[in-house]
Amino acid sequence: MPPAPHVESYYAATANPAPERPALAGEVSCDVCVVGGGFTGLSTALELAERGYSVVLLEARRIGWGASGRNGGQVCSAFSSPMDKLAGWVGKDDARKLFELTEESKRLLAERVERHAIDCDLTWGYFNAADRRRELDDCRDWAEEWSRDYGYDKLTLVETPEEARRHVDSPAVIGGLADAGAGHLHPLNYCLGLAAAAEAAGARLHEDSTVTRILQGAEPAVETAGGRVRAKFVVLACNAYLGGLMPEIRGKIMPVGTYIGATEPLGENRAKSLIPGNEAICDLKFVLNYYRLSKDQRLLFGGRVSYSGVTAPNLPQAMGRKMRQVFPQLDNVAFEFTWGGYVAITMERSPHFGRVGANLYFAQGYSGNGVAMSAIAGRVLAEAISGQAERFDLFARLPHTSFPGGRLLRTPTLALAMLWYRLRDLRP
């Protein structure tokens with residue numbers, strides 16, 4: 001029986017050809033078993049295989065089925081949490097090291113795309129759009145802090161609506177912050193390219209192989225309905241789709257529903273009039289809108305989230321209202337695709353890396369920044385397994401609070417808390 005298909009989306013409709021990988025059957029042995037076939041799992045498998053480790057990767061459905069194949073495709077700089085908070089947690093010196101690791105992650109992503117000839121429409125250019133004066137003031141402070149404390153010279157402050165129109169033709173935008181060091185790509189095609197590269201390096205990939213149990217010990221065993229993997233190390237790269245597989249770390253992340261629409265093709269002139277520089281755009285709200293153009297001149301617009309787990313009853317109309325608040329000139333444009341899925345957030349909005357026991361590693365909770373950060377996650381996971389854990393341990397020092405409310409109440413508790421942030425976003 002073939003594995004479940006990808007959810008219906010613009011990305012799935014424009015995905016590069018990819019083989020179906022067989023489900024795990026019988027018992028196999030390897031150095032490292034990776035659970036999860038998204039960015040983090042594939043990045044880890046590729047890094048380990050290139051170091052000479054034997055790797056088996058297990059994916060419950062298809063490669064890139066989860067957030068890695070459905071997200072906004074935005075390659076962001078740094079962390080979802082502000083850098084001053086990170087400096088408060090780990091100190092200024094280690095905050096600078098963490099910042100440089102995120103820069104290495106973007107370089108690593110670009111190097112992989114080039115080295116493995118991954119056809120994923122990687123494009124550089126990003127604009128953080130402000131529609132309130134206080135947001136523009138925040139942009140000014142942000143640019144000064146990153147230049148002064150982290151030596152980042154790719155930010156340009158945009159202080160007038162006229163200048164902002166060179167980035168995005170929205171009457172709501174009064175300025176913002178351009179980032180030449182960030183960008184966007186086709187996430188599913190990037191994911192499929194990573195899978196092909198990992199296989200070429202020697203990793204064995206299995207789809208339709210849901211992990212049912214992990215037996216910890218000196219030599220862990222990872223079980224599916226059809227087989228078992230014996231390994232020296234296990235890497236959990238399930239993120240929002242972890243479920244109950246590892247209760248020890250489940251409470252540190254919260255799956256949040258996020259939704260995207262892809263319009264019908266707009267034509268080159270109309271598309272370019274919206275986003276003249278073909279940048280990825282993101283506003284500065286806590287509950288944010290993010291959007292960009294596709295290679296075939298559609299607008300890809302993300303602008304709804306669900307903290308309650310309940311999807312809007314009429315998603316195309318709900319997404320359309322959000323889109324027209326930003327681009328009223330698209331009042332006659334419809335979405336050809338709308339879809340959603342889950343990303344994992346943490347309380348602190350910083351990624352959660354760590355160990356369970358001596359030989360089970362995990363990375364999760366990117367809080368919206370997984371496209372970029374998963375590249376370095378795979379590298380530092382591979383380094384730690386190879387015995388060089390300094391950089392992994394630096395990530396692991398970031399604090400992570402469990403979500404309140406326990407298994408039954410944490411989702412409604414979070415949904416209630418988010419009402420406060422939505423109200424805060426409405427402040428002038």
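The values are calculated or read from the model by the stated rules, or taken from the named source; none is laboratory data. All figures in this text were calculated on a predicted structure; none of them were measured in a lab. FYI the Cβ positions are ideal-geometry reconstructions off the backbone, even for glycines, and counts take in every protein chain you see.
Which one is modelled with the lowest pLDDT among residues in segment 1-14 that are within 18 Å of the chain's Cα centre (by Cα) and under 16 Å from Ala195 (Cβ atoms)? Full working, then the answer.
Keep residues of segment 1-14 that are within 18 Å of the chain's Cα centre (by Cα), which gives 6-7, 9-12.
Cutting the leftovers down to under 16 Å from Ala195 (Cβ atoms) gives us 6, 11-12.
Details: His6: 93, Tyr11: 98, Ala12: 98.
Checking each candidate, the answer is His6.
Out of segment 259-293, which residues are in contact with a His (Cβ under 8 Å, 6 or more places away or on another chain) and buried (at least 20 other Cβ atoms within 10 Å of the Cβ)? Break it down stepwise before answering.
Just the residues of segment 259-293 that are in contact with a His (Cβ under 8 Å, 6 or more places away or on another chain), to begin with: 275-277, 279-281, 292.
Those that are in contact with a His (Cβ under 8 Å, 6 or more places away or on another chain) and buried (at least 20 other Cβ atoms within 10 Å of the Cβ): Ile275, Glu279, Ala280, Ile281, Arg292.
Given the conditions (1) exposed (fewer than 15 other Cβ atoms within 10 Å of the Cβ); (2) at pLDDT below 95; (3) not in a helix (DSSP H, G or I); (4) not small (Gly, Ala, Ser), which single one is not true for Val305?
Val305 satisfies every listed condition except (1).
Taking segment 308-331 on its own, how many of its residues are in a loop (DSSP other than H, G, I, E, B) and modelled with pLDDT of 95 or more?
Here the count works out to 2.
Taking Ala344 as the residue in question, decide whether it is in contact with a Pro (Cβ under 7 Å, 6 or more places away or on another chain), at pLDDT 95 or above, under 10 Å from Asn239 (Cβ atoms) and not in a helix (DSSP H, G or I). Show your work before the answer.
Values: in contact with a Pro (Cβ under 7 Å, 6 or more places away or on another chain): yes; at pLDDT 95 or above: no; under 10 Å from Asn239 (Cβ atoms): yes; not in a helix (DSSP H, G or I): yes.
It is false that Ala344 is in contact with a Pro (Cβ under 7 Å, 6 or more places away or on another chain), at pLDDT 95 or above, under 10 Å from Asn239 (Cβ atoms) and not in a helix (DSSP H, G or I).
Scan segment 313-366 residue by residue and report those that are charged (D, E, K, R) and at negative phi. Spell out how you get there, then give the answer.
Quick first cut of segment 313-366, residues charged (D, E, K, R) only: 321-322, 324, 331, 336, 348-349, 355.
Correct list: Arg321, Lys322, Arg324, Asp331, Glu336, Glu348, Arg355.
Determine if segment 66-78 includes at least one residue that is of a type outside the set (Lys, Arg), more than 16 Å from the chain's Cα centre (by Cα) and more than 24 Å from Glu20 (Cα to Cα).
No; the residues of segment 66-78 include none that is of a type outside the set (Lys, Arg), more than 16 Å from the chain's Cα centre (by Cα) and more than 24 Å from Glu20 (Cα to Cα).
Condition (residue is touching an Asp or Glu at 6+ places or on another chain (Cβ under 6 Å) and closer than 21 Å to Ala197 by Cα) applied to segment 55-70: is it met by at least one residue?
First, pick out the residues of segment 55-70 that are touching an Asp or Glu at 6+ places or on another chain (Cβ under 6 Å): 59, 62.
With closer than 21 Å to Ala197 by Cα added as a condition, the list becomes 59, 62.
Looking for residues that are touching an Asp or Glu at 6+ places or on another chain (Cβ under 6 Å) and closer than 21 Å to Ala197 by Cα, one finds at least one in segment 55-70, hence yes.
Can we say Ala237 is touching a Ser or Thr at 6+ places or on another chain (Cβ under 7 Å), closer than 24 Å to Gly73 by Cα and either buried (at least 19 other Cβ atoms within 10 Å of the Cβ) or acidic (Asp, Glu) (or both)? It would help to see each step written out before you state the result.
Values: touching a Ser or Thr at 6+ places or on another chain (Cβ under 7 Å): yes; closer than 24 Å to Gly73 by Cα: yes; either buried (at least 19 other Cβ atoms within 10 Å of the Cβ) or acidic (Asp, Glu) (or both): yes.
So Ala237 fits the description; yes.
Within segment 73-90, work out how many residues are touching a Pro at 6+ places or on another chain (Cβ under 8 Å) and surrounded by 24 or more Cβ atoms within 10 Å (Cβ to Cβ). It would help to see each step written out before you state the result.
Quick first cut of segment 73-90, residues touching a Pro at 6+ places or on another chain (Cβ under 8 Å) only: 73, 79, 89.
Pick out the ones that are also surrounded by 24 or more Cβ atoms within 10 Å (Cβ to Cβ) and you get 73, 79.
The total comes to 2.
If only one of Arg140, Arg204, Arg166 is more than 29 Å from Leu284 (Cβ to Cβ) and modelled with pLDDT of 95 or more, which one is it? Show your work before the answer.
Values: Arg140 fails: more than 29 Å from Leu284 (Cβ to Cβ); Arg166 fails: more than 29 Å from Leu284 (Cβ to Cβ).
Exactly one residue qualifies, and that residue is Arg204.
Does segment 179-206 hold any residues that are in contact with a strand residue (DSSP E or B) (Cβ under 8 Å, 6 or more places away or on another chain) and either in a loop (DSSP other than H, G, I, E, B) or farther than 27 Å from Asp137 by Cβ (or both), and which are they?
Initial filter on segment 179-206 (in contact with a strand residue (DSSP E or B) (Cβ under 8 Å, 6 or more places away or on another chain)): 179-185, 195, 198-199, 202-206.
Scanning segment 179-206 gives Leu185, Ala195, Ala198, Glu199, Gly202, Ala203, Arg204, Leu205, His206.
Step by step: first the residues of segment 15-59, then only those that are farther than 21 Å from Ile376 by Cβ and buried (at least 24 other Cβ atoms within 10 Å of the Cβ), then the one that is farthest from the chain's Cα centre (by Cα). Which residue is that?
That would be Leu24.
Only one residue in Ala363, Ala382, Ala375 is assigned to a strand (DSSP E or B), in contact (Cβ under 8 Å) with a residue 40 or more places away in the chain and closer than 21 Å to Val234 by Cα, so which one is that?
Result: Ala363 is the single residue among Ala363, Ala382, Ala375 that is assigned to a strand (DSSP E or B), in contact (Cβ under 8 Å) with a residue 40 or more places away in the chain and closer than 21 Å to Val234 by Cα.
Looking at the structure I just gave you, is Leu86 closer than 16 Å to Ala363 by Cβ, among the hydrophobic types (A, V, I, L, M, F, W, C) and out of contact with any His (no Cβ under 9 Å at 6 or more places or on another chain)? Steps first, please.
Details: closer than 16 Å to Ala363 by Cβ: no; among the hydrophobic types (A, V, I, L, M, F, W, C): yes; out of contact with any His (no Cβ under 9 Å at 6 or more places or on another chain): yes.
So Leu86 fails the test.
Among the residues of segment 198-217, are any out of contact with any Leu (no Cβ under 7 Å at 6 or more places or on another chain), free of Cβ contacts under 8 Å to residues at least 60 places away in the same chain and on the phi > 0 side of the Ramachandran plot?
Yes - at least one qualifying residue is present in segment 198-217.
What number of residues within segment 256-301 are closer than 20 Å to Ser81 by Cα, of a type outside the set (Ser, Thr, Tyr) and part of a strand (DSSP E or B)?
Qualifying residue count, segment 256-301: 6.
Out of everything in segment 216-260 that is of a type in the set (Asp, Glu) and more than 18 Å from Thr346 (Cβ to Cβ), what residue ends up being farthest from the chain's Cα centre (by Cα)? Reasoning before the result, please.
Kept after step one, since they are of a type in the set (Asp, Glu), are these residues of segment 216-260: 219, 223, 248.
Filter again for more than 18 Å from Thr346 (Cβ to Cβ), leaving 219, 223.
Working: Glu219: 31, Glu223: 27 Å.
Out of the qualifying residues, it is Glu219.
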